[in-house]
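Structure record follows, encoded as structure tokens.
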Amino acid sequence: MQENPPLPTAHWCALGQMPSGDFMMAAIAAGGEPQEPVVVPANDLAAFVAGLEASSAPRWVWHHTPAIYATLLASGVRVERCHDLTLCHQILRSSEFVRDRSAFQLLDWAAPEPPQGPTAATAGPARFDLDTQPATSRNPFEITDVLREFERQRNAVNTSARPGRLALLLAAESAGALIASELAAAGLPWDSREHDRILTESLGPRPATYAEKPAKLAAAGDRVRAALGDPNASLDSPPKLLTALRRAGIHASSTSQWELAEYDHPAIAPLLEYKKLSRLLTANGWAWLDEWVTDDRYRPVYLPGGVVTGRWASSGGGALQLPRSLRPALRADPGWKLVSADVSQLEPRALAAMSGDRAMASAGRGKDLYEGIVRSSAIESRDEAKIAMLGAMYGATSGESGRLLPHLRRAFPAAMGFVDRAAETGERGGAVSTWLGRSTPPVEPDWQEAQSLASQPGATQRDEQNARRAARDRGRFTRNFVVQGTAAEWALAWLAEIRRNLAAFPEVQSDRAAAASGPVFGRRPHLAFFLHDEIIVHSPAEHADAVAQVVLDAADTAAELLFRGGDVDFRLDLSISDRATKS
DNA sequence: GCCTAAAGCGCG
DNA sequence: ACCGCGCTTTAGGC
């Protein structure tokens, strides 16, 4: 029962939780003060949110998206927008754009532990229940705390050096949080039989137990031991393998594949084969399939904002490291398609845009950026252009990259100057920021310590070396941070725009997809995969062409949102197919 | 026995 | 001597 129903003009709706597990909601009109909070019993939350979503689609303000949204999605409730206080706090506490960061330094606004395990965030009935969570003596996310933190964050943005950019960043970050929960709910359509077929083809038939080695792996191991003349050689432990190799006359300093490939010995080829198969089995073998794929849906755990640069991380399931050899297992449901897209050279293009380098923008216009560099600089091949460009963004100083960099500096002085300045700032211990205002964390005390030690009168040569190395390490980090971080912001804006448009598609009848992907996503196109600069949308076949257009248009919209009036093209490679067979 | 670090390799 | 990650296995300290 609500005595004080929120006005339909509510722009924000703040949600806090009471120690009992029930919720309190305070509506905030545009430019207004929060209204008196109303109590929402935990059991009524989904219906309550759905009602408000239908009437005014407010921006939901809550402490931590997965803690609330997984439950809403499982009840069939999707929300349009949110403000994730935990993620936004993380950004604001170190953003150089914020004038008074002290308000964020002292607070304890730690996110709860992320959900672990393959079943934690599924759309199925098995899920954690909000009202059975143990009540703590002081719930840090009660409505008063939520409102106070939200006000602090709004104030920080409004008084910042770049309110528009920061507001966009916080909105994009929060949209990312919604998308991560939605990816978990919908799942990635995964063909378990195809995965098993790939494993069987490479490794041999599935053994009866996990402990048993598959036949082809065992055979490769036998060939290695025979070639070494050492029937007991241990192949799985690097130190033991190293001694076994040395006994056979292979004096390698490590067992990494790149070094081993240098040696001419009959044991090398089967050993490299063994390592490859072993990796496939342990990382993405049958055990992985059993643990992470249920009902032909793969549900990894994504962590938005999990990387300092703003990229997503993952925790469980290895979503960001899926080997390309398993991509064919990624398959649309019958009657559905996969719309796959990746951005060509996202990071160099982000650099061109943020540095305002007209020559580089022009090199990337309407074509492959690296080819464009060949056409507009003294660099002669696409491969060389790529190596030079990556070297510029990573801070290479020697080798082929180092040799090619002067050419790049002459052709693109604005872009190169931009990353060089970011590196210099980092080497001095300073902070750098992405285009929208995510900044590097302050230097570690150890780093500062090393620098002061080296500048004191009694400093040894070793002290100075250590300090210089640490400074250069940090310079490479800050150099890359501005590029990787801005690329991540572009990708978030792209994702958010895709998501927004997909929600408007009409529903289709699809029992299988609805059963596997849940009530919200089983009947219309939905994001199914995200990996830094690529997305996959799972779409009813009849909508696939329209979805493709949405994905393409979203790239233009993202570019316009971030770099208003900029002249950098963000080109996509896009395909519509049953399988993700990208090579 | 538990925990952390490092090696090695997968992804962008 | 080129950035950012996660995962599995093994080694080694306690």
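The values are calculated or read from the model by the stated rules, or taken from the named source; none is laboratory data. Computed from a predicted model, the values in this text were never measured in an experiment. So basically every Cβ, Gly included, is an ideal-geometry build from the backbone, and we count neighbours across all protein chains shown. Accessible surface areas use protein heavy atoms only, side chains included; no ligands, DNA or RNA. Shrake-Rupley method; radii C 1.70, N 1.55, O 1.52, S 1.80 Å.
Net charge within 10 Å of A:Val520 by Cβ-Cβ distance, Lys/Arg positive one each and Asp/Glu negative one each, not counting A:Val520 itself?
In short, +2.
What Rg and what Dmax come out for region A:350-483 when only alpha-carbon atoms are used, in angstroms?
That works out to 16.9, 58 Å for Rg and Dmax.
Please find the FRET efficiency linking A:Arg403 to A:Ser455, where r is the Cβ-Cβ separation and R0 is fixed at 30 Å, and quote it to the nearest 0.05.
Approximately 0.35, to the nearest 0.05.
Using only Cα atoms, locate the centre of region A:435-462 and the centre of region A:244-321, then give the distance between them in Å, rounded to an integer.
Between the Cα centres of region A:435-462 and region A:244-321 lies a distance of 34 Å.
Put +1 on the Cβ of each Lys and Arg and -1 on the Cβ of each Asp and Glu in region A:183-293; which of A:Leu289, A:His251, A:Tyr274 then has its Cα farthest toward the positive end of the dipole?
So the residue furthest toward the plus end is A:His251.
Please name whichever of A:Ser377, A:Thr478, A:Leu351 sits farthest to the positive end of the charge dipole of region A:350-483, dipole taken about the Cα centre and charges placed at Cβ: Lys and Arg +1, Asp and Glu -1.
Of A:Ser377, A:Thr478, A:Leu351, it is A:Ser377.
Give me the net charge for the shell around A:Leu166: Cβ to Cβ below 14 angstrom, other residues only, Lys and Arg +1, Asp and Glu -1.
+4
Using the reciprocal of the averaged 1/r over all distinct C-alpha pairs, how large is the Kirkwood radius of region A:448-553 in Å?
Computed over region A:448-553, the radius equals 17.6 Å.
Report the number of Lys pairs in chain A whose alpha-carbons are under 28 Å apart, with separation of 8 or more residues or on distinct chains.
Final tally of qualifying lysine pairs is 17.
Let's see if you can work this out: charge +1 on each Lys and Arg Cβ, -1 on each Asp and Glu Cβ, no other charges. What is the dipole magnitude of chain A about its Cα centre, in debye to the nearest 20?
1500
Determine the calculated [θ] at 222 nm for chain A from helices alone, applying -39500 (n - 2.57) to every DSSP H run no shorter than 4 residues and normalising by the residue count; nearest 500 deg cm²/dmol.
Estimated from H runs of four or more residues: -15500 deg cm²/dmol.
Picking from A:Thr434, A:Gly366, A:Pro189, whose Cα lies most toward the positive end of the charge dipole for chain A (charges on Cβ: Lys, Arg +1; Asp, Glu -1)?
Of the listed residues, the answer is A:Gly366.
What size of dipole, in debye to the nearest 20, comes out for region A:400-527 about its Cα centre when the only charges are +1 on Lys and Arg C-beta atoms and -1 on Asp and Glu C-beta atoms?
400
Quick one, could you list the DSSP H helices from chain A stretching 24 Å or more along their long axis (Cα atoms) with average Kyte-Doolittle hydropathy of -1.0 or above?
Helix filter hits for chain A: A:163-186, A:461-502, A:544-562.
May I ask you to give the average projected area over all directions of the convex hull of the Cα atoms of chain A, in nm² rounded to one decimal?
Orientation-averaged projected area of the Cα hull: 31.4 nm².
What are the principal axis extents of the Cα atoms in region A:52-107, in Å, biggest first?
Principal-axis extents of region A:52-107 (Cα, largest first): 39, 22, 14 Å.
In the calculated pair distance distribution of region A:194-289, what percentage of Cα-Cα distances lie above 20 Å?
Summing the P(r) tail past 20 Å for region A:194-289 gives 36 percent.
Summing Lys, Arg as +1 and Asp, Glu as -1, what charge do residues with Cβ under 12 Å from the Cβ of A:Val419 carry, A:Val419 excluded?
That sum, taken over residues with Cβ under 12 Å, equals 0.
Using the heavy atoms of the protein chains alone and a 1.4 angstrom probe, what is the accessible area of region A:194-289 per residue in square angstrom?
I get 56 Å² per residue for this part.
When the dipole is taken about the Cα centre of region A:194-289, and only Lys, Arg (+1) and Asp, Glu (-1) are charged at their Cβ, what size is it in debye, to the nearest 20?
With only Lys, Arg, Asp and Glu charged at Cβ, the dipole is about 180 debye.
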